[in-house]
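K.L.:
There's a structure below that I have some questions on.
The values are calculated or read from the model by the stated rules, or taken from the named source; none is laboratory data. Just so we're clear, the structure is a prediction, and the values are computed from it rather than from any experiment. Backbone-built Cβ (ideal geometry, glycine too); neighbour counts: all protein chains shown. Heavy atoms of the whole protein, side chains included, go into the accessibility calculation; ligands, DNA and RNA do not. Shrake-Rupley method; radii C 1.70, N 1.55, O 1.52, S 1.80 Å.
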Amino acid sequence: MVVGSKGGRAMQIEIDPLSEVPLYQQLRDRIVEAIAEGLLLPGDQLTSVRQLAVAFGINVATVSKGYELLRREGLIRINQKSGSVVARSPESSPASAEFVADWVVRLRTLLAEAYAQGVPSDQLVQLAQQGVEGFAAAFEANSSARESEGDIR
Amino acid sequence: MRLFVLFFSVSVITLVMTLMFVMPVLVRAELPLGVSVPQGRVGEPVVHASIRRYRMGVVSGWVLGVVLTVVLFASFPVAASIVPVLIAIALGMSGYVLSRRMIIRAKQNGRWYENVSVRLRAEITAESAPARPPLGWIMGAVLVLLVVVALGVAVYPNIPDPTPIHWDVAGQPDSYAAKSVWSVFGPVLIGFGVVALLFATSFLARVSPLRAVASDSPAESARRSALQSRLMTSLLGQVAVVLAVQIGWLTVAGWVLHGGGWGITTSALPILALLVIVLVVFVVRYRKAVAAWSTTPSDVRPDAPDDDRYWRAGFVYLNRNDPSIFVPKRFGVGWTVNLGSIGGVVVGIILLAIIAGAVVMAIIAPGAGHRS
């Protein structure tokens, strides 16, 4: 779950230490969601790997692995000097063809999971619709809120 | 003069045991006696019972400490000023270790964490400003010591050679050294060192911020963390001022009253009173801050995970996965070291050496001081 406090200043994320999903994967997933919702915008500075590991009380390597995944996906930039910075937003540029091809493969698995469990197809489509619309609305609201705040970064 | 030992020792025991007694209200409700408990279980009868038992241990530690002081002070004044305090603390601590087991047992038997969703929470953006170091207080402490140095320069010609460098509990000099800049200004230098150490400690709030807890709302946890850091750092600054005044007073009294006497022994009394005031103000403000958010009814939130396994005996933190050198105390105010990290082990050994050294010095120094 991504928890943004009002004003968008302090943004916190939650991970489940007992989940079967590895912690680095959860970390990566929460940050991807925050970028989709406009809670994190290009240029936003992320907490450093060590600081985040200290804040969670988890292994530095775990956080580093999560950030490395995001870097390879082009969502963040890792710079020796300036640390980790959000590199893109839904509005930056259209997705690359390779990304879409790769993502479709994963989407197929995800859809198969629901379909195999008997989720009706119209409900599946409706949920997907709701999800995408939710991201669009959240991104609109969060990014314009940030603009009106007179962001000076 | 021995009556002074009695009074001093009883005051110290009372101060320490009072802090131990009120500690359960200074920690969050989900950590009664430092045991992880889900939000829904904080009201369990066993929780209240174990806190009652812990407090009985603290009270009996206080009683034993006071009785021991009264028995010892006439014949062994030095031992009477240290041993009863240590015994009282040891008794309070064993009460803590034993009574918290009640909660742990009930938690395991009742499977309190079954079907409770737990989360770790942390800030992902580097936005919130860390607490500022208590510069004003530290500068005040330095100013006090500088005034003492100026006074020392003024009275230097009148200081006898050899000069007394240590006084017994009755305020009579029992150790002398050849008069030199070092033997005269040594205590002030130690004072500067102590102030510097406290100043450095105040930076812990930056290095090791308080962890966000999943059961708080984000706004609450940000506020709590900021407030706690601010209160803790300003406490360090105030303690620095009190210690600077204490050291300054003792030093000046040593310079002016060559033969010792009441000026030296009684110096501890107003300082002790000042320290009590500082601590009481801190406890009240801290408690108010904690109470403000503990009672906020919020929507259902996940719990912080059960991390009892990282806290040996409820106060020694050992977590090899945690890169932190310092972590906020489990049951108490301030920080402790992570013995699962190399840095934590090094700092822990240094701290232990300092404490052990101070205790040993306090016990043997008056009798074994170098007499010249």
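K.L.:
Working only within region A:69-80, note down all residues that are touching a Lys or Arg at 6+ places or on another chain (Cβ under 9 Å) and either among the charged types (D, E, K, R) or farther than 30 Å from B:LEU318 by Cα (or both).
P.N.:
Answer for region A:69-80, where residues must be touching a Lys or Arg at 6+ places or on another chain (Cβ under 9 Å) and either among the charged types (D, E, K, R) or farther than 30 Å from B:LEU318 by Cα (or both): A:LEU70, A:ARG71, A:GLU73, A:GLY74, A:LEU75, A:ILE76, A:ARG77, A:ILE78.
K.L.:
Out of all the residues in region B:28-52, which are assigned to a loop (DSSP other than H, G, I, E, B) and either touching a Phe, Trp or Tyr at 6+ places or on another chain (Cβ under 6 Å) or not hydrophobic (A, V, I, L, M, F, W, C) (or both)?
P.N.:
Within region B:28-52, B:ARG28, B:GLU30, B:SER36, B:PRO38, B:GLY43, B:GLU44 qualify.
K.L.:
Does region B:337-345 include one or more residues that are in contact with a Lys or Arg (Cβ under 8 Å, 6 or more places away or on another chain), open to solvent by less than 60 Å² (accessible area, probe 1.4 Å) and free of Cβ contacts under 8 Å to residues at least 40 places away in the same chain?
P.N.:
Looking for residues that are in contact with a Lys or Arg (Cβ under 8 Å, 6 or more places away or on another chain), open to solvent by less than 60 Å² (accessible area, probe 1.4 Å) and free of Cβ contacts under 8 Å to residues at least 40 places away in the same chain, one finds at least one in region B:337-345, hence yes.
K.L.:
Right, next: Please determine, by comparing only the residues of region A:22-37 that are open to solvent by 30 Å² or more (accessible area, probe 1.4 Å) and touching a Ser or Thr at 6+ places or on another chain (Cβ under 7 Å), which one is farthest from A:LEU75 (Cα to Cα).
P.N.:
A:LEU23
K.L.:
Where in region A:1-77 are there helices (runs of 4 or more DSSP H), lying fully within it, with 2 or more residues that are modelled with pLDDT under 95 and at the interface with chain B (Cβ under 9 Å from one of its Cβ atoms)?
P.N.:
A:49-56
K.L.:
Still on this structure, I have one more. Considering each residue of region B:313-332, count those that are more than 14 Å from every other protein chain (Cβ to nearest Cβ), open to solvent by 30 Å² or more (accessible area, probe 1.4 Å) and touching a residue at least 60 places away in the same chain (Cβ under 8 Å), and give that number.
P.N.:
Residues flagged as more than 14 Å from every other protein chain (Cβ to nearest Cβ), open to solvent by 30 Å² or more (accessible area, probe 1.4 Å) and touching a residue at least 60 places away in the same chain (Cβ under 8 Å) within region B:313-332 amount to 3.
K.L.:
So A:VAL85 clears everything in (1) of a type in the set (A, V, I, L, M, F, W, C); (2) more than 30 Å from A:SER48 (Cα to Cα); (3) not in a loop (DSSP other than H, G, I, E, B) except one condition, right? Which one?
P.N.:
The failed condition is (2).
K.L.:
Please verify whether region A:109-131 includes one or more residues that are open to solvent by 90 Å² or more (accessible area, probe 1.4 Å), part of a helix (DSSP H, G or I) and within 24 Å of A:ASP44 (Cβ to Cβ).
P.N.:
no
Table: residues versus (1) outside any helix (DSSP H, G or I); (2) buried (at least 20 other Cβ atoms within 10 Å of the Cβ); (3) modelled with pLDDT of 80 or more.
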site: B:ARG206; (1), (2), (3): no, no, no
site: B:SER215; (1), (2), (3): yes, yes, no
site: B:LEU235; (1), (2), (3): no, yes, yes
site: B:VAL252; (1), (2), (3): no, no, yes
site: B:LEU272; (1), (2), (3): no, no, no
site: B:VAL280; (1), (2), (3): no, no, yes
site: B:VAL283; (1), (2), (3): no, no, yes
site: B:LYS288; (1), (2), (3): no, no, no
site: B:ALA291; (1), (2), (3): no, no, no
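Condition check ((1) open to solvent by 30 Å² or more (accessible area, probe 1.4 Å); (2) at pLDDT 90 or above) across all residues:
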{"position": "B:MET20", "(1), (2)": "no, yes"}
{"position": "B:VAL25", "(1), (2)": "yes, no"}
{"position": "B:ARG28", "(1), (2)": "yes, no"}
{"position": "B:PRO38", "(1), (2)": "no, yes"}
{"position": "B:TYR54", "(1), (2)": "no, yes"}
{"position": "B:GLY61", "(1), (2)": "no, yes"}
{"position": "B:LEU64", "(1), (2)": "yes, yes"}
{"position": "B:LEU72", "(1), (2)": "yes, no"}
{"position": "B:PRO77", "(1), (2)": "no, no"}
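K.L.:
Still on this structure: Only one of these is free of Cβ contacts under 8 Å to residues at least 24 places away in the same chain and either open to solvent by less than 30 Å² (accessible area, probe 1.4 Å) or of a type in the set (Lys, Arg) (or both): A:VAL63, A:VAL54. Name it.
P.N.:
A:VAL54
K.L.:
Would you please name the residue that is nearest to the other protein chains (Cβ to nearest Cβ), looking only at residues in region B:217-233 that are open to solvent by less than 20 Å² (accessible area, probe 1.4 Å) and within 24 Å of B:VAL280 (Cα to Cα)?
P.N.:
Filtering first and then ranking leaves B:SER229.
K.L.:
Something else now. Looking at the structure I just gave you, is A:GLY83 loosely packed, with under 15 Cβ neighbours inside 10 Å and at positive phi?
P.N.:
No: the conditions fail for A:GLY83.
K.L.:
Return the residue satisfying two criteria in turn: it lies in region B:107-131 and is in contact (Cβ under 8 Å) with a residue 24 or more places away in the chain and open to solvent by less than 30 Å² (accessible area, probe 1.4 Å), and of such residues it is nearest to A:SER84 (Cα to Cα).
P.N.:
Across region B:107-131, the extreme among qualifying residues is B:ALA122.
K.L.:
Continuing with the same structure: How about region B:177-204: which of its residues are touching a residue at least 24 places away in the same chain (Cβ under 8 Å) and within 19 Å of B:VAL144 (Cα to Cα)?
P.N.:
If the condition is that a residue be touching a residue at least 24 places away in the same chain (Cβ under 8 Å) and within 19 Å of B:VAL144 (Cα to Cα), then B:VAL184, B:PHE185, B:PRO187, B:VAL188, B:ILE190, B:GLY191, B:PHE192, B:VAL194, B:VAL195, B:LEU198, B:PHE199 are the ones that fit.
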